[in-house]
Number of protein chains: 2
Amino acid sequence: MTTTTDRPSRNGVDTATLFATLDAVRGQNEIAKFQFRASNSWVSGTHSRTTISGFHGAMQELEHAQPTVVDADHPAVLVGTDAAPTPVEYLLHAIAACLTAGIANIAAARGVTLTSVRSEVEGDIDLLGILGLSDGSVRNGYQQLRVTFHIAGEADEETLRGIVEQSRRRSAVYDALTNPTPVAIDVVVE
Amino acid sequence: MTTTTDRPSRNGVDTATLFATLDAVRGQNEIAKFQFRASNSWVSGTHSRTTISGFHGAMQELEHAQPTVVDADHPAVLVGTDAAPTPVEYLLHAIAACLTAGIANIAAARGVTLTSVRSEVEGDIDLLGILGLSDGSVRNGYQQLRVTFHIAGEADEETLRGIVEQSRRRSAVYDALTNPTPVAIDVVVE
């Protein structure tokens, strides 16, 4: 469950540790139960700021190597101050990053060396939904997301396509978006 | 469709422009058709980097005031280098930021001055799914998200709770997570 820098790795993935981690989880499923967390504070208008630091996993409380602070806002055309990307744009980052991490891991596990992975994500959204101007037929969220991968590596086309497909099948963010994820909202009035 | 700094605002929301924008969209629905975009590049292992800059909306190609670069990685316990939060943690940021932006806008539209909005988000995920160690009964994504808002403002408890509830009803990210969002993945082998 640790990484070292002096072991053989492929695609920057320490495959020995990856397989050891899989074996450890096979032996004790509780290791795989994680809880991720974020704290958000409103700044002004549509601008807010999130801090990501602690999480639970591998049967312990853990902290990232450094806390990350990330903002969100609406652009001027949506009456914001454009201090940061919109919340929905972070969904595009999340799906691309999740699929890409999976591609690197799966390629390493299959002994395939990658040279390049890039992706473009587009999300179509009709704001009649969130603006309350639809008769109910327009959803609030994205109508469609498209991810286009450009991948190069030391394997034939079929092998590389198979790695992307396996990453899709194992992706946490792909599942969270394409299938319903329960979201409970509690309110404490102070 | 522009913001100015010398107009009356509430909660940092330029309500006159907000209402004018709603009127403009009512008059021409095409204004509400947006496309958001992100470009991701693999760095190494589970580490990748996304740039968010251009988008389409209000019948024109637009750019954010500045491009945003945001990374993702896996923590050491998940065989990453912990250079940044995980992709799934950005989903927590997205839901908190989306609901909070809605709360500020809706409160302003209803003439309610807010003094503080904070939220904590927790997401439970069993990694047996993404590790391929489940018999299929464990999903890849979050099993449950919980958002807890702490809100204070110049209104009674029922009014403040009503603002949070209306934000939930109009939230793009809440919809994207709680309902299925189609995701198409194309692969170009280079």
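The values are calculated or read from the model by the stated rules, or taken from the named source; none is laboratory data. Since this is a predicted model, take the numbers as computed values, not measurements. Cβ: placed from backbone, ideal geometry, glycine included. Neighbour counts: every protein chain shown.
One residue stands out in region A:148-190 among those that are within 7 Å of another protein chain (Cβ to nearest Cβ), in contact with a helix residue (DSSP H, G or I) (Cβ under 7 Å, 6 or more places away or on another chain) and in a strand (DSSP E or B): the one that is farthest from B:LEU127 (Cα to Cα), namely A:VAL189. Scanning region A:32-47 turns up at least one residue that is surrounded by fewer than 23 Cβ atoms within 10 Å (Cβ to Cβ), β-branched (Val, Ile, Thr) and in contact (Cβ under 8 Å) with a residue 40 or more places away in the chain. Please tell me if A:ALA104 is touching a helix residue (DSSP H, G or I) at 6+ places or on another chain (Cβ under 8 Å), at negative phi and assigned to a helix (DSSP H, G or I). Spelling it out, it is not the case that A:ALA104 is touching a helix residue (DSSP H, G or I) at 6+ places or on another chain (Cβ under 8 Å), at negative phi and assigned to a helix (DSSP H, G or I).
Scanning region B:48-73 for residues that are loosely packed, with under 15 Cβ neighbours inside 10 Å and in contact with a Gly (Cβ under 6 Å, 6 or more places away or on another chain) turns up just one, B:GLU63. Among the candidates A:HIS74, A:HIS93, the residue that is in contact with a helix residue (DSSP H, G or I) (Cβ under 7 Å, 6 or more places away or on another chain), facing another protein chain (nearest Cβ under 7 Å) and assigned to a loop (DSSP other than H, G, I, E, B) is uniquely A:HIS74. Of the residues examined, B:ALA107 is one that is of a type outside the set (Phe, Trp, Tyr) and more than 7 Å from chain A (Cβ to nearest Cβ). Only one entry in A:GLN144, A:GLN166 is surrounded by fewer than 24 Cβ atoms within 10 Å (Cβ to Cβ) and free of Cβ contacts under 8 Å to residues at least 40 places away in the same chain, namely A:GLN144. Return yes when B:ILE130 is assigned to a helix (DSSP H, G or I), within 17 Å of A:CYS98 (Cβ to Cβ), not small (Gly, Ala, Ser) and not assigned by TED's automatic domain parsing to the domain that holds B:THR15 and no when it is not. Spelling it out, it is not the case that B:ILE130 is assigned to a helix (DSSP H, G or I), within 17 Å of A:CYS98 (Cβ to Cβ), not small (Gly, Ala, Ser) and not assigned by TED's automatic domain parsing to the domain that holds B:THR15. Given the residues B:ARG37, B:ARG49, which is the only one that is basic (Lys, Arg), in a strand (DSSP E or B) and at the interface with another protein chain (Cβ under 7 Å from one of its Cβ atoms)? Going through B:ARG37, B:ARG49 in turn, the sole match is B:ARG37. Taking the conditions (1) closer than 18 Å to B:ALA72 by Cβ; (2) more than 7 Å from chain B (Cβ to nearest Cβ) in turn, A:LEU145 satisfies each one other than (2). The single condition among (1) more than 7 Å from chain B (Cβ to nearest Cβ); (2) closer than 17 Å to B:ILE95 by Cβ; (3) not β-branched (Val, Ile, Thr) that A:PRO67 does not meet is (2). Which members of region B:125-141 meet the condition of being at the interface with chain A (Cβ under 7 Å from one of its Cβ atoms) and either surrounded by 15 or more Cβ atoms within 10 Å (Cβ to Cβ) or within 23 Å of A:HIS47 (Cβ to Cβ) (or both)? Matches in region B:125-141: B:ILE125, B:ASP126, B:LEU127, B:LEU128, B:ILE130, B:LEU131, B:LEU133, B:ARG139, B:ASN140, B:GLY141.
For A:ALA84, indicate whether it is of a type outside the set (D, E, K, R) and in a loop (DSSP other than H, G, I, E, B). Yes.
Rundown of residues vs (1) closer than 30 Å to A:PRO182 by Cβ; (2) out of contact with any Pro (no Cβ under 6 Å at 6 or more places or on another chain); (3) of a type in the set (Asp, Glu), yes/no style:
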site	(1), (2), (3)
B:ILE52	yes, no, no
B:VAL69	no, yes, no
B:HIS74	yes, yes, no
B:THR86	yes, yes, no
B:TYR90	yes, yes, no
B:ILE95	yes, yes, no
